[in-house]
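As structure tokens, the structure follows; a few thoughts come after it.
Please treat every number below as a calculation from the coordinates, not as lab data. Quantities reported herein were computed from a predicted structural model and do not represent experimental measurements. Note that each Cβ is placed from the backbone with ideal geometry, even for glycine, and that neighbours are counted across all protein chains shown.
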Amino acid sequence: MVLYYKRSFLFPKDNKNFFIFIQTTFFIIQTYHSMNRFLLFSFLFYAFSPVHAQEKTQNIEIRYGNVFKNDEREIPTDIIGHDKNGYYLLYSGGRFGQKKNKSIRKFSPDLVPAGEEIDLIPENQEGESQTLGIAQFDDKIIHVWSLTTESSKQFYYQLVNLDNFSLEESALITEIKDEESYIHQAYNSFIISPDRSRIFLLYSMPVKKGLKAKLHLKVFDTGFREINTEEYGIPVPDDQFSIQDLFFSEEGEPMILAKKFDSPRTLKEDRKKGYQYMLYRLKEGQFQQIASIPIGDKHLRILEHVFLSDGSLVLTGFYSVKNMYAISGVYFSRIDLKTGKTTTKEHSFDETFYTKLIDNDKKKARISKRLKKGKLEAPFYLMRNSFRMPGDHILLMAEQIHTFTQNFVTRFFHENLALVKLDSKGNLAWSNQIAKKNIKTNVGIYSSYYPVKRNDDLFLLYNGNTANLGHRTGHVANSFAQNGRAFIATEVKNDGTYKRQVLATREEMEGITIRPSLANWINENTLLLFGQDIDNLKNQRFLKIIFKP
């Protein structure tokens, strides 16, 4: 069995759908490991102040922190949270965060490095250690990690006391023993309930191919005291079942979206679309099936879940027909969770969508010809986000992502964005494409984007180029070109129209490049972002983006 990787963006805690969702998988694109020793700081960082503030637009205010410098080359992998004592970041050693151990580093309330740091995973462990999740709860941080050897897998938790910034010893949660060396096929998931009152650890027991596996669910309070433990028998053989998503109903019940394959699953069969999606509720020790979601001859790589105001659940995403790494249209399935009744709709993309960013008439004609023959799909698009908008409308986003390796050098491509808006019945309101070009060698952490929903509109924050501010069709400048680098916000209006605006230029950032996915909310209007010097990772700084109410 495989647990599909997905990491949710974190939004302000008053958001109805706020939760943390961290999963491990065989298909994780990037794995971060942390540093091995305490690092000293040069205190070159000054507090945020109105002097450093610069108002760029009527809606957004920017505040900069000055550059601070580390003695070693390491990168942060998460902004965990903050309290009255300061801010807490998870750091990993190495240019790519590839080193084994992790540490929590403290910053003062003014975001000045405090010179305090805690190493998390004990050194000199035999086996493979991995962080499953880390989260702040009031006056403590909880860190859950695993240690895998050839014959066992152990789960541990640690508590960090934030009042005196001290670490408690790791405590064993449970251990899986495997006498037949299937331990690496076991998976695990660390989840926090929407009301942040419970912590869930879900893990499987390894079995031989063709047998039915068991899922174990342990529930803890925020002090990591065990509340309950349950065992669930997976309804089909292990090698025909793949968990795609774990989430909570509005009543707080854990739910699972899975793929059930027609035969023992392989990636080759995945391409042949020999599967269906199944929706389950985990309750009273059973997989209680709610619905089977029909997909016909379509391939759906990812389905996002959205709860509507009447309590019904929508599963939606982009589908492809010819190539599993492309999109041909949008899929919508609305499920009554009480009766299991399912209503589905599909919308294929038309010529307007495919030619949205093209200004060459000959290219448009070729696209039109291919579309009429049924041979056209938009390549390399991956579902990224879904949002419930006012009026129970649903906004879907996909990003064009791929890599290319030559002579041991990998180029990461994070390019155009596709946006589709549906009404609550699955009818198409509009579709659009927004040009973006993030192409960088060796590391992709400065690419992609961070979405912020504000009332009826959406802001997309990413590294861009000032040459693209008015772009609608034609050539797109690379965000990492020598000239024109800037941190951009694209505001998408309720009707699908959009405009780009510069939040911070390269000169204002003093050579620092923002990492869009490394962010957390200070309050409902203030987003904290982090950046580094691409050419010298020791130089780092913070940026605050303040959205005016």
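Quick look at the values:
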| read-out | value |
| --- | --- |
| Matching residues, region 101-149, being in a loop (DSSP other than H, G, I, E, B), over 19 Å from D221 (Cα atoms) and among the acidic types (D, E) | D110, E123, E126 |
| Residue satisfying all of: in region 292-322; of a type in the set (D, E) and assigned to a loop (DSSP other than H, G, I, E, B); farthest from G274 (Cα to Cα) among these | D310 |
| Which listed residue, of G496, G511, G470, G474, is part of a loop (DSSP other than H, G, I, E, B) and in contact with a Phe, Trp or Tyr (Cβ under 7 Å, 6 or more places away or on another chain) | G496 |
| Any hit, region 281-298, residues being closer than 21 Å to L382 by Cβ and in contact with a Ser or Thr (Cβ under 8 Å, 6 or more places away or on another chain) | yes |
| Matching residues, region 323-360, being in a loop (DSSP other than H, G, I, E, B) and either over 22 Å from Q244 (Cβ atoms) or polar (S, T, N, Q) (or both) | N323, S328, K338, T339, F349, D350, T355, K356, L357, I358, D359, N360 |
| Residue tally, condition over 18 Å from K440 (Cβ atoms), buried (at least 17 other Cβ atoms within 10 Å of the Cβ) and more than 23 Å from the chain's Cα centre (by Cα), over region 472-499 | 2 |
| Of all residues making up region 76-101, the number that are touching a Gly at 6+ places or on another chain (Cβ under 9 Å) and either within 20 Å of L132 (Cβ to Cβ) or surrounded by fewer than 20 Cβ atoms within 10 Å (Cβ to Cβ) (or both) | 7 |
| Residue among I522, I546, I534 that alone is surrounded by fewer than 20 Cβ atoms within 10 Å (Cβ to Cβ), within 21 Å of the chain's Cα centre (by Cα), on the phi < 0 side of the Ramachandran plot and hydrophobic (A, V, I, L, M, F, W, C) | I522 |
| Tally, over region 335-348, of residues that are buried (at least 17 other Cβ atoms within 10 Å of the Cβ) and more than 17 Å from I295 (Cβ to Cβ) | 1 |
| Failed condition for P254, given (1) at negative phi; (2) over 23 Å from the mean Cα position of the chain (by Cα) | (2) |
